[in-house]
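Just below is one structure, and these are the notes that go with it.
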Amino acid sequence: MIKTVIFDMDGVIFDSETMYINDLIRFFKQHDIEIQVNDCIPLIGIDSKLYYEQAYTMWNGKTDFMTFKNMLQEYFRSLDRDYKAVVRPQIYSVLEHLSKHYKIALASSSRLYTINNALDQAGLRKYFSLIVSGEQFKESKPNPEIYLYTIKELNVNKDEAIIIEDSSKGILAANRAGIKVLALKDDKFGLDQSQADIIIDELNDIIKLIEKGA
C-alpha cells in the first residue's frame, strides 16, 4: 500500500527545463559562444556540481573552470525567474488530493534556494511533509541516496513509496533505490524514460494509478 508520493521538481511540478536552457543559451551568447538546445539536454536532471562541469565543456576554454563557474553563478543569481509562469496547472488539484491521503515529499537535484523560491512563488510549500535537495549529498541523481534518505526520513518502506520523475537520471536514481517510478511523459527533449515502471501522460494519472494499486 502506498503511503508516500515523492516528487521531482523541475520537469514534473514545473515545466522549467526550457526556461533553464534558454537562460544558459543567453549566457553563452553574451560571451560570443553559440550553443543549441540539444547541447543543453545532457544537463537536465543533474546536480549543480555536475551541471557546471558539463556546461564548462562548451566554454571553449575562454577562462579557467572556477572563473567560469563564478561568472555563471553570478548570472543565475541576477535572474528573476517566474516560476508561477511555468507551474503545471494540474499540480494544484493533484497535490490537494494526495495530501489528504498520503505523505508528500519533494526530492530535487536543484539547490535548496531554488527549490524554496519556486515553491514559494507557486504557493506549493504547504503540501510537502519533507523537502530534500541534491546539494545535501556528495552525489545527487542518478545516485539513489537522495531517495533512500527521503523514505528513511518519512519512515516508510520502499514498497510504500512511489516516485514521480521525468529525467533519465532521476528515473535511474529511483531504480537504483528500488522504488517504483512513474515518468511524466517528455515531448520536448527526447529524454530516455524507458526505465520507468509506467509513463504517464499527465499529472492526473498519478491519482488514477495509485488508486488502482499501481
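Using only helices, what value at 222 nm comes out for the chain when you add -39,500 (n - 2.57) per DSSP H run of length 4 or more and divide by the total residues, to the nearest 500 deg cm²/dmol? Mind showing how you got there, number by number?
On the way: 9 runs with 88 residues, N = 214.
Here the helix-only value at 222 nm equals -12000 deg cm²/dmol.
Contour minus end-to-end for residue 207 and residue 137, with contour as 0.36 nm per residue of separation and end-to-end as the Cα-Cα distance?
22.2 nm
What percent antiparallel are the DSSP beta bridges of the chain, to the nearest 5? Mind showing how you got there, number by number?
Numbers: 1 of 21 bridges.
For the chain, the DSSP antiparallel bridge percentage is about 5.
Using 0.36 nm per residue of separation minus the Cα-Cα distance, give me the extension gain between residue 112 and residue 23 in nm, one decimal. It would help to have the intermediate numbers written out before the result.
Values: separation 89, 0.36 × 89 = 32.04 nm, distance 1.92 nm.
Answer, rounded to one decimal: 30.1 nm.
Would you please put 166-174, 145-153, 63-71 in order of how densely packed they are, using the mean number of other Cβ atoms within 10 angstrom per residue and starting with the highest?
Details: 166-174: 26.4, 145-153: 19.0, 63-71: 13.6.
Result, highest mean first: 166-174, 145-153, 63-71.
Roughly how compact is the chain, stated as its Cα Rg over 2.2 N^0.38 Å to two decimals?
Details: Rg = 17.1 Å, N = 214, 2.2 N^0.38 = 16.9 Å.
Rg over 2.2 N^0.38 Å, computed on Cα atoms: 1.01.
Å³ per residue of the Cα convex hull, for segment 17-78? Before the final figure, lay out each step's value.
On the way: hull volume 4.9 nm³, N = 62.
Each residue corresponds to 79 Å³ of Cα convex hull volume.
Could you give me the ³J(HN,Hα) list for segment 59-64, computed from phi with Karplus coefficients 6.51, -1.76, 1.60 and θ = phi - 60°, whole Hz, x at Gly and Pro?
So the Karplus estimates, Gly and Pro as x, are 7, 6, x, 5, 9, 6 Hz.
Would you calculate the separation in nanometres between label points at residue 192 and residue 78, each defined as 7 Å from the Cα along the Cα-to-beta-carbon direction?
Rounded to a tenth, the inter-label distance reads 3.7 nm.
Mind checking the log10 I(q)/I(0) for segment 115-214 at q = 0.11, 0.17 Å⁻¹? Debye, one equal scatterer per Cα, no solvent, two decimals.
-0.35, -0.87
For a quick check, take a GNM of the chain with Cα springs below 10 Å and name the residue from 86, 12, 94 with the largest mean-square fluctuation.
Highest fluctuation of the listed residues: 94.
Where nothing but the Cβ of Lys and Arg (+1) and of Asp and Glu (-1) is charged, how large is the charge dipole of segment 17-78 around its Cα centre, in debye to the nearest 20?
Working: 6 positive and 9 negative charges, 27 e Å.
Result for segment 17-78 is approximately 120 debye, rounded to the nearest 20.
Work out the charge dipole of segment 17-78 with +1 on the Cβ of Lys and Arg and -1 on the Cβ of Asp and Glu about the Cα centre, then indicate which of 31, 60, 41 is farthest towards its positive end.
31
Tell me which residues come under 5 Å, amide H to amide H, from residue 3 once H is placed; ignore anything under 5 positions away on its chain.
161
Using a cut-off of 25 Å between alpha-carbon atoms, which lysines can reach residue 3, once sequence neighbours fewer than 8 places away in the same chain are excluded?
The reachable lysines, counting only those whose Cα sits under 25 Å from residue 3, are 100, 103, 126, 141, 152, 158, 169, 180, 185, 208, 212.
Over segment 91-150, give the accessible area per residue in Å² for a 1.4 Å probe, as an integer. All intermediate terms of the calculation are to be shown ahead of the outcome.
Working: 2690 Å² over 60 residues.
That works out to 45 Å² per residue.
What is the extension gain from residue 65 to residue 159, computed as 0.36 nm multiplied by their sequence separation minus the C-alpha to C-alpha distance, in nm to one decimal? The partial results should precede the final answer.
Working: separation 94, 0.36 × 94 = 33.84 nm, distance 4.23 nm.
Gain on extension, residue 65 to residue 159, equals 29.6 nm.
Taking only C-alpha pairs under 8 Å that are 6+ residues apart, what is the relative contact order of the chain in percent? Present the calculation step by step, with values, prior to reporting the outcome.
Values: 323 pairs, mean separation 55.2, N = 214.
Worked out over the chain, it gives 26 percent.
The values are calculated or read from the model by the stated rules, or taken from the named source; none is laboratory data. Given the structure is predicted, the values throughout are model-derived calculations rather than measurements. Ideal geometry is used to build each Cβ from the backbone, glycine not excepted, and the neighbour counts take in all protein chains shown. Surface accessibility is based on the protein's heavy atoms, side chains included, excluding ligands, DNA and RNA. Shrake-Rupley method; radii C 1.70, N 1.55, O 1.52, S 1.80 Å.
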